[in-house]
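The values are calculated or read from the model by the stated rules, or taken from the named source; none is laboratory data. None of these values were measured; they are calculated from a predicted model. Glycine gets a Cβ as well: all are built from the backbone with ideal geometry, and neighbour counts include every protein chain shown.
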Amino acid sequence: MNPKMQAAFVEQFGHPLVIREVDIPTPGPGQVLVKTEACGVCHTDLHAAEGDWPLKPGLPFTPGHEGIGIVTALGAGVSAVKEGDRVGVPWLYSACGHCEYCLAAREPVCAEAQFGGYTKNGGFAEYIVADPNYVARIPAGLAARAAAPLICAGLTSYKGIKETQARPGEWVVISGVGGLGHLGVQYAKAMGLQVCAVDIDDGKLAHAKKLGADALVNAKQGDPVAEVIKATGGGAHGVLITAPSLPAFKQGVGMTRKWGTCVLVGIPPGEFPTPLFDVVANCITIRGSFVGSRRDMAEALAFAANGKVKADIELQPLSAINSVLQRLKTGDVPSRVVLEFAGR
Ligand code: NAD
Ligand code: ZN
Ligand code: ZN
């Protein structure tokens, strides 16, 4: 009999995940097997389970793209990692390696990119098959549970802040200070920026203040755009929108200073109205940002290894996944839930 593992599957969009016992997969040529120690739960996993986006994963699939674990087996021809290495299996599961985007370290937009926990089975399972050329190398001294939120939430917020091109001393707005945003506040402070945190939850704003935010705006009260313009003396040089909520996007554009950049990373399904005259006349840049390159990943992890950034985590077992996703839906997760695997 083949050795077995527990794994959670989305079998139907919009239905609870089903935890089943299945065969531990065997890594094929050029692949590795990773024994999961911890896996963060991202709001993207909720979008995936609900089938929110135009590009839909095939059913059934195992979500999870913040899986950290130990390499326990190598497929034929693997030399990039060795057994015993601690790695992360991220959203960017693999890419072609030779298109114009891969060559420019823009591999997340490669047409052949595969996505962990979406087009490939991910980390809500005791074992993950991974591509050794795209795993995250976890710095020594960073525990699996501490590293998990960094390989998506940390990477995406760090890269998004870089994409604003805000310089030290300038203002950034972090809109949505949950999983991504609570790390975004810390990255921005470590990068020498002034931070205005925006959320609809006073508890999350209070937490952002503890993490170093210089100004707080509750987007549910009064006129949040006017509040940000007042707090930042004319709007933020960079705005990072992580909120999975459409109204936050139009507001975020309004919060952007003249000649500033508004970076979109939250992906609620739908579209948002853009005030064209204001964007044009104020020379505002609106740009999307999708996780980050492998180089960005190494940088994002180094901030944590150097003690500049630390994820706030709540540990849960795999068996709690459906209640965790339900809590994410209602905004009831303070920062990041990390599933911890006991191992057997
Ligand atoms: P989360 O649920 O942990 O946090 C979302 C935060 O946004 C919460 O604090 C919530 O209170 C706040 N919020 C909700 N409505 C708001 C509003 N109108 N204004 C301001 N704040 C508001 O979610 P997360 O894991 O941080 O993910 C956030 C989004 O980012 C999701 O849509 C996810 O799919 C997306 N995401 C994108 C990328 C990417 O590469 N672009 C990567 C990871 C996640
Ligand atoms: Zn994610
Ligand atoms: Zn490519």
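Would you tally the residues in the stretch 21-38 being under 26 Å from the mean Cα position of the chain (by Cα) and assigned to a strand (DSSP E or B)?
Adding up the residues that qualify gives 7.
When you look at Thr44, is it away from ligand 3 (no atom under 16 Å from the Cβ), closer than 18 Å to Gln6 by Cα and either among the small types (Gly, Ala, Ser) or not in a loop (DSSP other than H, G, I, E, B) (or both), yes or no?
No, not satisfied.
Among the numbered conditions (1) in contact (Cβ under 8 Å) with a residue 24 or more places away in the chain; (2) in contact with a Phe, Trp or Tyr (Cβ under 9 Å, 6 or more places away or on another chain); (3) buried (at least 18 other Cβ atoms within 10 Å of the Cβ); (4) among the aliphatic types (A, V, I, L, M), tell me where Ala190 comes up short.
Going through the list (1) in contact (Cβ under 8 Å) with a residue 24 or more places away in the chain; (2) in contact with a Phe, Trp or Tyr (Cβ under 9 Å, 6 or more places away or on another chain); (3) buried (at least 18 other Cβ atoms within 10 Å of the Cβ); (4) among the aliphatic types (A, V, I, L, M), Ala190 breaks only (3).
What tally of residues in the stretch 47-76 results from selecting those that are of a type in the set (Gly, Ala, Ser), closer than 23 Å to Ile138 by Cβ, more than 16 Å from ligand 1 (Cβ to nearest atom) and assigned to a loop (DSSP other than H, G, I, E, B)?
Residues in the stretch 47-76 being of a type in the set (Gly, Ala, Ser), closer than 23 Å to Ile138 by Cβ, more than 16 Å from ligand 1 (Cβ to nearest atom) and assigned to a loop (DSSP other than H, G, I, E, B): 1 in total.
Across the stretch 106-129, which residue is farthest from His43 (Cα to Cα) among those that are aromatic (Phe, Trp, Tyr) and more than 14 Å from ligand 3 (Cβ to nearest atom)?
Among those residues, the one meeting the criterion is Tyr127.
With modelled with pLDDT of 95 or more, hydrophobic (A, V, I, L, M, F, W, C) and touching a Cys at 6+ places or on another chain (Cβ under 8 Å) as the only criterion, which of Ala213, Ala248 stands out?
Exactly one residue qualifies, and that residue is Ala213.
Can you pull out every residue in the stretch 90-124 that is touching a Phe, Trp or Tyr at 6+ places or on another chain (Cβ under 9 Å) and not in a loop (DSSP other than H, G, I, E, B)?
Across the stretch 90-124, the qualifying residues are Leu92, Tyr93, Ser94, Glu107, Pro108, Val109, Gln114, Phe115, Gly116, Lys120.
Counting only residues that are surrounded by fewer than 19 Cβ atoms within 10 Å (Cβ to Cβ) and touching a residue at least 24 places away in the same chain (Cβ under 8 Å), how many does the stretch 48-58 have?
6
Could you please let me know if Leu246 is more than 16 Å from ligand 1 (Cβ to nearest atom) and either within 14 Å of Ile174 (Cα to Cα) or not small (Gly, Ala, Ser) (or both)?
So Leu246 does not fit the description; no.
For the stretch 278-299, enumerate the residues that are under 21 Å from Gly260 (Cβ atoms) and surrounded by fewer than 15 Cβ atoms within 10 Å (Cβ to Cβ).
Asp278, Val280, Ala281, Cys283, Arg287, Gly288
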